[in-house]
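Working notes, structure below.
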Amino acid sequence: MHFSRSVKSRFPNKAILIESVIYQGIFTLATDAYPQVRLKVCKTFTTLIWGYAPHMQPRLDRIIEYMLLSSQDKHEGIRLEAIEFWTAICEHEQLCYDSLKPHLSALLDVLLRALPYGPDDLLALGIDFGDNAAVPDAPQDIKPHVPDNETGAKDKEEDADDDDDDGNVMDEGADGWTLRKSGATAIDALAYIFGVS
């Protein structure tokens, strides 16, 4: 989508025509039966919005409608990539505000549905809701937590256990980027732009 200024200045109509043909091709692929193709379309729109948002403005309403649908796709990979789009568009505050305001209610509904922990998330956290009624509770599972010192803060030794080799605090559920994490990031970005409106 990036055309040098000299090409655009020498052949303004051809540059617009080329952009139009490219978008037409992307939208043709957007309805493909293969999920891998639709995933690539979502990745393409996300990449384009990061770097070429002003060029997308004439087609942005159609792209938003497509990404809203893709954010609800039955394939998790497509949903994840589509939800990434919302964080990307938030990088362009005014464009985001103007473009997403009419879609905000539907978008928030979609993003909120991505927030609950899924079965894989719960297993990664070590939570299993299988039938364990016959298994006795371990004392540490039911014992109330009492801080070790008067202020309630953890000891420095405990804090050191949470750091990786570089001194960065590790997220225990950091096995990968999930729908829940992506949805929460998008909601946070939208909250910054839209505030309480």
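The values are calculated or read from the model by the stated rules, or taken from the named source; none is laboratory data. Remember, it's a predicted structure, so these values are computed and weren't measured experimentally. Here the Cβ is made from the backbone with ideal geometry for all residues, glycine too, and neighbour counts use every protein chain on show.
Yes/no matrix, rows are residues, columns are (1) surrounded by 13 or more Cβ atoms within 10 Å (Cβ to Cβ); (2) modelled with pLDDT under 85:
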{"site": "1", "(1), (2)": "yes, yes"}
{"site": "6", "(1), (2)": "no, yes"}
{"site": "29", "(1), (2)": "yes, no"}
{"site": "60", "(1), (2)": "yes, no"}
{"site": "63", "(1), (2)": "yes, no"}
**Asked** Looking at 109, 120, 32, which one is charged (D, E, K, R) and under 25 Å from residue 194 (Cβ atoms)?
**Response** 109
**Message:** Looking for something modelled with pLDDT under 90 and among the hydrophobic types (A, V, I, L, M, F, W, C) - is there at least one such residue anywhere in region 92-104?
**Reply:** no
